[in-house]
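Following: one structure in structure tokens, then a few remarks.
The values are calculated or read from the model by the stated rules, or taken from the named source; none is laboratory data. Remember, predicted model here, so these are calculated numbers, not experimental data. Ideal geometry is used to build each Cβ from the backbone, glycine not excepted, and the neighbour counts take in all protein chains shown. Protein only, heavy atoms only, side chains kept; ligands, DNA and RNA dropped before computing areas. Shrake-Rupley method; radii C 1.70, N 1.55, O 1.52, S 1.80 Å.
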Amino acid sequence: DTQNGEQLYECPMCSLTCTNIQILEEHVDLHLEEQSFWGGENIKDLELAQQLQTEECERQRSEEDKQEREEFKKLQRQYGLDNSGGYKQQFLKDMEREVDKGRMQPFEYHKRKADMMECLAFGIDDGKTKTSGVIEALCKYYQNENKDVRRVWLSTGVDHFHSSLGDRGWGCGYRNFQMLLSSLLQNSLYNDCLQGTTLIPSVPKIQSMIEDAWREGFDPHGASHFNNKLHDSKAWIGASEIYSLLTSLRIKCQIIDFHKPTGPMSTHPCLFEWVLRYYSTDNEGGAKKVVCTSKPPIYLQHQGHSRTVVGIEEKKNKTLCLLVFDPGCPSQEMQKLLKQNSDGTGLKLLRKFLGSLKEKQYQIVAVDGVLSLEEKAARCHASQVLTSEKVP
């Protein structure tokens with residue numbers, strides 16, 4: 001275009017009109033430099049944003065990893081898998097603490113340490129947490145009780161064991177096994193299975209016995225949870241470990257799961273009815289009010305604790321009440337039951353009504369006879385097959 005005869009040049013980028021080609025070139029160069037400058041800034045901003053995002057992701061992953069490690073360590077401590085030692089170490093540390101606080105004299109510390117080391121060397125329980133004769137005392141009490149109990153079934157004599165300095169806080173499963181074993185040792189049906197066992201084993205010995213069962217091939221999935229090692233740990237055990245140990249001894253047993261409440265208010269009436277059938281099916285004792293059965297006690301497990309069912313009451317109004325030995329109950333309290341008052345107030349320690357068992361899930365291990373060598377081998381193989389099916 002021309003204006004007054006002059007040549008005009010239009011900027012292709014902003015439509016500015018220039019009268020000189022050199023001015024236009026300089027103008028366009030400025031456009032290009034500006035574009036280059038801001039384009040570079042955009043690239044730098046993008047790189048910075050990406051870097052910040054990467055750093056934030058790494059920080060979040062680091063926080064999550066840290067939290068997972070802390071949770072894992074917490075679980076290890078809770079379940080005794082943190083390599084902090086086992087029964088012996090805890091026993092000695094707790095006694096040292098008692099001495100430091102003036103509640104134990106040094107000479108008593110050394111005596112109890114020597115006794116403990118001797119028992120551990122022989123693999124037997126020292127018996128200092130044991131209460132015997134409670135079942136017999138209960139039998140006498142119920143013979144004279146005429147208020148509201150229509151009928152009661154009791155296990156073969158069961159000794160009560162409670163946790164000691166060495167296993168306080170984690171030993172309930174082992175103590176319940178001791179209770180169960182104390183009854184089996186009084187039943188001639190199990191003599192062949194328990195030939196090598198005449199005295200109640202110590203907690204560390206029971207740990208070794210479970211490890212022996214794992215080495216035979218029982219419950220490889222459960223064994224891997226503990227890295228195949230219980231001895232010198234504070235590891236909690238449950239129904240699966242009790243089942244493996246009993247089966248390895250050729251003692252026939254079964255695990256029954258009550259995986260959800262079956263009654264109102266999160267109660268488990270089906271569990272109570274199962275226990276009643278367990279004790280009453282063989283119709284031992286005929287129509288007697290007090291039936292001292294040949295049945296071993298029942299191992300009862302729920303999240304975080306286990307106990308031993310030693311009998312069941314049927315009230316005149318048809319309600320049921322379990323009789324339970326709790327390893328958390330000290331022997332001083334259990335011994336009060338040996339001098340049971342006529343009003344039965346001491347039985348509050350043992351009685352568990354329907355409303356008392358309101359955990360979401362329960363497991364029981366019930367003993368029912370002896371296995372042949374072939375049956376034992378078949379159960380061992382079954383536990384291995386079950387594990388192979390679980391593991392992809």
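For Arg215, which of the numbered conditions (1) of a type in the set (Lys, Arg); (2) exposed (fewer than 15 other Cβ atoms within 10 Å of the Cβ); (3) closer than 27 Å to Lys130 by Cα fails to hold?
Here Arg215 meets the rest and fails (3).
Determine whether Leu338 is among the aliphatic types (A, V, I, L, M) and touching a Leu at 6+ places or on another chain (Cβ under 8 Å).
The answer is no for Leu338.
So for region 132-152 (the condition being in contact with a helix residue (DSSP H, G or I) (Cβ under 7 Å, 6 or more places away or on another chain) and of a type in the set (D, E, K, R)), does at least one residue qualify?
Checked against the condition, which is being in contact with a helix residue (DSSP H, G or I) (Cβ under 7 Å, 6 or more places away or on another chain) and of a type in the set (D, E, K, R), region 132-152 yields no hits at all.
From the residues in region 259-287 that are under 30 Å from Pro201 (Cβ atoms) and assigned to a loop (DSSP other than H, G, I, E, B), which one is most open to solvent (accessible area, probe 1.4 Å)?
Going through the qualifying residues, I end up with Asp282.
Which of the residues belonging to region 300-314 are open to solvent by 10 Å² or more (accessible area, probe 1.4 Å) and in contact with a Gly (Cβ under 9 Å, 6 or more places away or on another chain)?
Correct list: Gln301, His305, Arg307.
So if I check each of Arg250, Arg175, which one is of a type in the set (D, E, K, R) and more than 19 Å from Leu120 (Cβ to Cβ)?
After ruling out the rest, the residue left standing is Arg250.
Given the condition touching a residue at least 24 places away in the same chain (Cβ under 8 Å), over 26 Å from Lys140 (Cβ atoms), touching a helix residue (DSSP H, G or I) at 6+ places or on another chain (Cβ under 7 Å) and part of a loop (DSSP other than H, G, I, E, B), answer yes or no: does some residue in region 173-192 qualify?
There is no residue in region 173-192 that is touching a residue at least 24 places away in the same chain (Cβ under 8 Å), over 26 Å from Lys140 (Cβ atoms), touching a helix residue (DSSP H, G or I) at 6+ places or on another chain (Cβ under 7 Å) and part of a loop (DSSP other than H, G, I, E, B).
So is Asn191 within 21 Å of Cys253 (Cβ to Cβ) and open to solvent by 10 Å² or more (accessible area, probe 1.4 Å) or not?
yes
Give the residue, chosen from Met116, Met95, that is assigned to a helix (DSSP H, G or I), in contact with a Lys or Arg (Cβ under 8 Å, 6 or more places away or on another chain), open to solvent by less than 50 Å² (accessible area, probe 1.4 Å) and farther than 23 Å from Thr197 by Cβ.
Result of the check over Met116, Met95: Met95.
Counting only residues that are modelled with pLDDT under 65 and either hydrophobic (A, V, I, L, M, F, W, C) or outside any helix (DSSP H, G or I) (or both), how many does region 39-82 have?
Going through region 39-82 one residue at a time, the tally reaches 8.
Any residue at all in region 364-373 that's in a helix (DSSP H, G or I) and out of contact with any Leu (no Cβ under 8 Å at 6 or more places or on another chain)?
yes
Taking into account only those residues within region 119-160 that are assigned to a loop (DSSP other than H, G, I, E, B) and modelled with pLDDT under 90, which is least open to solvent (accessible area, probe 1.4 Å)?
This residue is Glu145.
Can we say Ile256 is surrounded by 23 or more Cβ atoms within 10 Å (Cβ to Cβ), of a type in the set (A, V, I, L, M, F, W, C) and either touching a Cys at 6+ places or on another chain (Cβ under 9 Å) or under 24 Å from Lys360 (Cβ atoms) (or both)?
Answer is no for this residue.
Name the residues in region 294-345 that are within 28 Å of Ile251 (Cβ to Cβ) and in a helix (DSSP H, G or I), would you?
Answer for region 294-345, where residues must be within 28 Å of Ile251 (Cβ to Cβ) and in a helix (DSSP H, G or I): Ser331, Met334, Leu337.
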